[in-house]
Amino acid sequence: MSVGYLGFVLLLWFPGVLHAHNETQNCTASSLSQGYVVPEQKTYLHEATLTYACDNGLKPAVEGWWATSKCQNGKWSPDPQCIDEKACVSLTIPNGNYDASTDGWYGDRDKIRVKCDEGYEHKDHDAAAQCSDGAWVSVPICERSTESCGDPPKKKHAVIIGKGYQEVFAASSKLQYKCEDGYTAEGADTKTIFCILGNWTEGPTCKVGTGGRHTTSAGSGVQPAGGDRIPDTGHGGATVGGTDGGDTTSAGSGRQPAGRAHNETQNCTASSLSQGYVVPEQKTYLHEATLTYACDNGLKPAVEGWWATSKCQNGKWSPDPQCIDEKACVSLTIPNGNYDASTDGWYGDRDKIRVKCDEGYEHKDHDATAQCSDGAWVSVPICERSTESCGDPPKKKHAVIIGKGYQEVFAASSKLQYKCEDGYTAEGADTKTIFCILGNWTEGPTCKVGTGGGDTTSAGSGIQPAGGDRIPDTGHGGATVGGTGGGDTTSAGSGIQPAEVGTGGGDTTSAGSGIQPAGRDRIPDTGHGGATVGGTGGGDTTSAGSGRQPAGRDANCGKHPSLLNGDVVEVSRTSLKYECNGFYTLEGPDIVTCQSNGKWTEPPSCKAAFCVIDPAQTRMANLKISQGLVYVKEGLNKYIPCRWPDSFRLVQCINGRISYTYCCSGNDHYYRSCPVEGWTENRSTVGSI
């Protein structure tokens, strides 16, 4: 009775226990000085975001002239802060680091000393950077040292223990081999190798023996079981061993599993790795234990390097040990770009991927595909900043950008929304929104003392009004609007079209007297200016061969059928998948099958689906086209600049005919108040309109 009474008293005395244990807290108004926030409130809910800017002569303590902060359980993250506009924020040093400022920023004339990562050294011996007038100058470059080493030598029946794969190992690095169970190394002194003057010393030879029962250090803190400890190398620790066979070792803090906790973790069973071997080889592995594996001749792990590690995570191996053909390729990173990842995590020899550049970037030299060849990627596309993208939007006094954080690059046709700080209003509602057109932002608002902020609307890159026309999406002398994907929705007003590496599987050509750029979204074959060499074109993404068969000749049906203005994009043992170039549509089935009679089924055809504008012959007046022809894909809109500033015509290709408006401003097009001037015929040939 007394216990129940005491519990009742405690609930009355501590009412907070009735609330959820993980109750979140709201935030009070930011203590930002010498700046302003939008929206300005006394209290903000958990997860709410505010935007802020700073007074003249100041800037946020992060990149950009405006910044955002998020309420995280009663605290702002990051804390809004205004600093001198001549100060510098932190910078990133590839393959290097430095002592970070506790403030998160550095004053004008401050210096930092950069330390290069192991295996790298300062280019030209420059090790210091200085903040000067708001920007870093003389930033050091950390380049690979001439005395560092790459991959250690691969040894049959052996793995590297205690160290995962890395591209560069510093001079004097030490690595330890261990033979797989059933094998022993010839001579204990040969188990350890060293990086000396850019080369590894000789590794061990593993021969059949009792093998795999004793481990030695690998520069990672792993210790032999029992007896004296080998020197601690300071490279952390890993747990190796388990319940079956051989010695078990521990490294790091020395903590052991403590019985069965309330949230009990699960151990892992032996990996199902085929065509390879693991070290240590056990039936069961503890949670958080790590194994190392390598693959048989002709194979390699499905990650970078000839050896790999996997960790037991609550009953599952992460990543799952897997051996693949040594001619296959693992995933790669495309700066400022992406592609459809393989569900397997790897790609077969001759497989191709189509890279889509991030918004505001475009393919250098119009190359958009990479191919796996003999275990390495070739012709890897480069995504570089588009000449029609925009940088920082103009800074406006007493205003911030809402709904969008700072970024270095904004894509063509991006839309951003300003909002005045409380107590100010913008002059004219039409000036609150700005657009990125041909590499420049349209004019922003002027905020003057008034009743406050006014209405707000959404902001973001590429956000378009619901229904109807898009704001100008600019190409080379024009802008493409609409469609479903980057490759299909961008064309060049100058007549030059995106080009890229063809996808192979049969030569495709078309008649013509001129020369065309090599690639996929190729300019149409007009008969007056070039021959089209096939590519896959069309959309932004192309899957990279769901079957793991090499492209080229099939054993039964021979050479792949060629497709004029198209190409093979997927290959399996008995079928081919075709796609048309960007200015053509597919007619017929996209899959061609190898029949029992040794012949391919009938391939599809690619039908022209575009209109052409010839500046020399078109009836549209006052166009600003520097050179060449303008191609417009069927069903898509395109904005073409007129001779006057902020003036464009909207053209559309519909069933081979072009509809075009008068020359109107970007805002007139945005609000759909620019009328159609006329139609013109098109026969998809040069000089037809």
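Bear in mind that the values in this text are calculations on the coordinates, not laboratory data. What you see is a predicted model, and the numbers here were worked out from it, not measured in a lab. Note: ideal-geometry Cβ built from the backbone for every residue, glycine included; neighbour counts use all protein chains shown.
Observations on the model:
- Spin-label proximity, Ala621 to segment 628-662 - amide N less than 13 Å from point 7 Å beyond Cα toward beta carbon: 643, 662
- Peptides ranked, highest mean first, by Cβ atoms within 10 Å: ranges 635-647, 413-425, 140-152: 413-425, 635-647, 140-152
- Cα-derived Rg to Rh of segment 27-84, Kirkwood definition: 0.95
- Annotation: extensible slack from Val378 through Lys364 equals 3.6 nm (criterion: 0.36 nm per residue apart, minus Cα-Cα distance).
- A simple packing score, the average count of other Cβ atoms within 10 Å per residue, orders the peptides 158-166, 268-276 as 158-166, 268-276, with the highest score first.
- Residues with amide H under 5 Å from that of Gln72, placed H, sequence gap 5 or more: Glu47, Ser77
- Backbone phi angles across segment 283-296, fed through the Karplus curve with coefficients 6.51, -1.76 and 1.60 (θ = phi - 60°), yield HN-Hα couplings of 7, 9, 10, 5, 3, 6, 6, 10, 10, 10, 9, 9, 10, 5 Hz in residue order; Gly and Pro are listed as x.
- Label-reachable residues, segment 165-183, where backbone N falls under 20 Å from a point 7 Å from Glu147's Cα toward its Cβ: 167-175
- Per-residue Karplus couplings for segment 442-448, computed as 6.51 cos²θ - 1.76 cosθ + 1.60 with θ equal to phi - 60°, are listed in order as 5, 5, x, x, 10, 9, 10 Hz, Gly and Pro entered as x.
- Note on Lys111 and Ser172: the model spin-label points, each 7 Å out from Cα along the C-beta direction, lie 2.6 nm apart.
- Note that segment 312-325 has calculated 3J(HN,Hα) couplings of 6, 10, 6, x, 10, 8, 9, x, 5, x, 8, 10, 10, 4 Hz, one per residue in order, obtained from phi through the Karplus relation 6.51 cos²θ - 1.76 cosθ + 1.60 (θ = phi - 60°); glycine and proline are x.
- Using a Förster distance of 25 Å, the FRET efficiency for Ser33-Thr102 (Cβ separation, nearest 0.05): 0.85
- Too-long pairs where the Cα-Cα distance tops 28 Å, listed order kept, from Lys174/Lys316; Lys115/Lys174; Lys163/Lys352: Lys174/Lys316; Lys163/Lys352
- Note on Val139 and Glu443: with the Förster distance fixed at 35 Å, the Cβ-Cβ geometry gives a FRET efficiency of about 0.55.
- For segment 401-451 versus segment 600-676, the gap between their alpha-carbon centres in whole angstrom: 28
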